[in-house]
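Read through the structure below, which is laid out as C-alpha cells, and then see the notes.
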Amino acid sequence: MEKQTLAIGDTGSQLVSKFNSNFDLTTFPSIYFIESYAEDDDPDDTLAFQRCIDDMPDSVQFTSGGGVILLAAKTYTISSTIICQKSIKIIGAGSDSGSRIYLAANSDCNMLEFGKRNSAESCSIHLEGMRIEMNPTQADGYSNVVCYNYLRHSHFNDLFIVYATAANFIMTRDDVGALARNTYFYGCAFEYGKGYSVHIGHDYNLNISNCYFGFGQTASYGIYVSMASKHFIISNSWFLTFNLQGCITLFNIQQVHIVNNTFDGSDDCYAGSAHIRLAGCDNVNIGGNITHAGDHHYAVRLDAGNTNVRIYDNQWLSYSVAPYYFNDKAVVKCYNNKMMSGKMQEDDGTATILNTATYIEVAHNVFTTPDNVIATPQGNEVIWIDTITATTFRINRVGNTGNLICNWKASVKTY
C-alpha cells in the first residue's frame with residue numbers, strides 16, 4: 001500500500017498540530033499515519049498499525065532514521081502483537097490527551113514488541129505521548145512493551161503504561177553479546193503490572209527521571225534489574241509501594257545514583273522487602289530520598305556483595321524499626337540521614353543528676369538504640385553510662401553530693 005503523505009497545512013494538519021512541538025518535523029525523513037492504512041469501518045486497528053510499520057524503511061540510525069508515526073488523539077484497538085524490528089518513533093498527542101493503544105479483551109499476547117530476537121543488530125526506539133493499556137482479562141504472562149536485545153539511544157517519554165499480566169515494560173536480551181545503551185525514561189507512569197513495572201535485563205547507561213510507579217499487583221517490583229549493568233541514574237520519581245516486594249531492586253550494577261525520589265510507603269509491603277534493595281553493586285550513591293514506611297520493610301537493604309556505598313541526606317518517616325539493613329557495614333558510609341518524625345542518627349544535650357540522686361534517665365531522640373553514648377561531667381566526679389535502649393539511657397555517678405550537670409551525645413554509627 002502506498003503511504004499517504006500528509007504535510008503540515010494539508011488535511012492531516014489536525015494530527016500534526018498534536019505532535020510535540022519540541023520536535024522539528026523537518027528532521028524526520030518520513031511521517032506516517034495509521035489512518036492511511038486502515039480499512040473502512042474496521043474497529044480493529046491491528047492490521048493497519050502493522051502495515052504502517054512494515055511500510056517504513058529499515059534503518060539503524062539513532063536519531064532521525066526510520067521515520068515517525070504520529071498518533072491521533074483517539075484509541076487504536078489491537079488484538080495481536082504489533083512487531084517492529086527497525087528504528088522508529090511513535091509519537092502521540094499526549095498520555096492524557098487521548099492517544100491510546102488498547103489491547104482488546106482475551107487477546108492473550110504482548111502489545112508492542114521492538115527489536116530482533118537472537119540478533120546483535122541494533123535499533124533505536126522512541127515512544128512518546130500515549131497511553132498503552134491492556135484489558136486485564138488476558139491470560140498470565142503478557143506485557144505492554146517488550147524490547148529485545150541491542151537498543152541504542154532509545155527514549156520513552158510521557159507514557160502511561162497500565163495493566164499487564166506480566167511486566168508493564170520489559171527489556172530483555174538473548175545471549176548474543178549486545179548491551180542496550182543509552183536508554184532514557186522521562187515523565188512516564190506505570191501501574192498494575194504483574195511481577196514488575198519495569199524489568200531491565202541488561203543495559204548500559206540507564207536514566208529514569210520524573211516517573212511514577214503506582215499500584216502493582218500482588219508481590220510486584222517497581223524497577224528490577226537482574227543482570228550486570230553500568231551507569232544507572234534513578235531520580236526525581238515517585239514510588240507508591242502498595243503490594244510491592246521492592247521499589248528499586250538492583251543486582252550487579254556499577255555506578256548507581258538513586259537520588260531525590262519519594263517512596264510513599266504502606267504496611268501492605270512484604271516482610272523483609274525494601275524501597276531500595278541492592279546486591280553486588282559498586283560505587284553507589286543513595287541521597288536526598290524521602291521514604292515513608294510501614295512495619296514490614298526497610299528504606300534501604302544492602303545484601304551481600306556491595307562495595308563503596310554512600311547513603312546520605314535521606315529522610316525516613318514513620319519507621320517503627322531501624323530503616324535499613326546492611327549485610328556488611330564496612331562497605332557503607334551512612335550520614336546526615338533524618339527520621340522525619342524528628343528522630344535523628346545522633347542527638348545531644350545536657351542532663352542534671354540531682355543533689356540526692358546517683359543517676360538520671362535521659363531520653364534521647366535517636367531513631368534506634370544508639371551504638372555510641374558519651375557523657376562528660378561539668379565537675380570532678382566519676383560517671384558511667386548503662387541501660388541503653390531505643391528511647392533512653394542512664395548516666396550514673398558514685399556519690400550524691402550536689403547537682404551534677406553532664407553534657408551527653410548519643411548516635412548510631414555512621415559506617
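The values are calculated or read from the model by the stated rules, or taken from the named source; none is laboratory data. Just so it is clear, the structure is predicted and the values come from calculations on it, not from any experiment. Note that we place each Cβ from the backbone using ideal geometry, even for glycine, and neighbour counts take in every protein chain shown.
So for segment 73-92 (the condition being touching a Pro at 6+ places or on another chain (Cβ under 7 Å) and either assigned to a strand (DSSP E or B) or among the aromatic types (Phe, Trp, Tyr) (or both)), does at least one residue qualify? Yes, some residue in segment 73-92 is touching a Pro at 6+ places or on another chain (Cβ under 7 Å) and either assigned to a strand (DSSP E or B) or among the aromatic types (Phe, Trp, Tyr) (or both). Annotation: residue 212 fulfils all but one of (1) in contact with a Lys or Arg (Cβ under 6 Å, 6 or more places away or on another chain); (2) modelled with pLDDT of 90 or more; (3) not hydrophobic (A, V, I, L, M, F, W, C); the unmet one is (1).
Candidates 379, 402, 305: the one that is in the same structural domain as residue 264 (by TED's automatic domain parsing) and either more than 24 Å from residue 263 (Cα to Cα) or touching a residue at least 60 places away in the same chain (Cβ under 8 Å) (or both) is 305. From the list 327, 396, 314, 407, the lone residue that is touching a Phe, Trp or Tyr at 6+ places or on another chain (Cβ under 6 Å) and either free of Cβ contacts under 8 Å to residues at least 12 places away in the same chain or of a type in the set (S, T, N, Q) (or both) is 396.
Screening residue 327 against (1) touching an Asp or Glu at 6+ places or on another chain (Cβ under 8 Å); (2) at pLDDT below 85 leaves a single unmet condition, (2).
Within segment 87-99, one or more residues are more than 24 Å from the chain's Cα centre (by Cα) and of a type outside the set (Gly, Ala, Ser). Filtering segment 377-399 for residues that are within 23 Å of residue 317 (Cβ to Cβ) and buried (at least 16 other Cβ atoms within 10 Å of the Cβ) leaves an empty set. Those residues that are among the aliphatic types (A, V, I, L, M) and over 10 Å from the mean Cα position of the chain (by Cα), I need them from segment 190-211; list them, please. 200, 206, listed by residue number. Among the residues making up segment 168-189, those that are closer than 14 Å to residue 114 by Cβ and under 15 Å from the mean Cα position of the chain (by Cα) are 169, 170, 171, 183.
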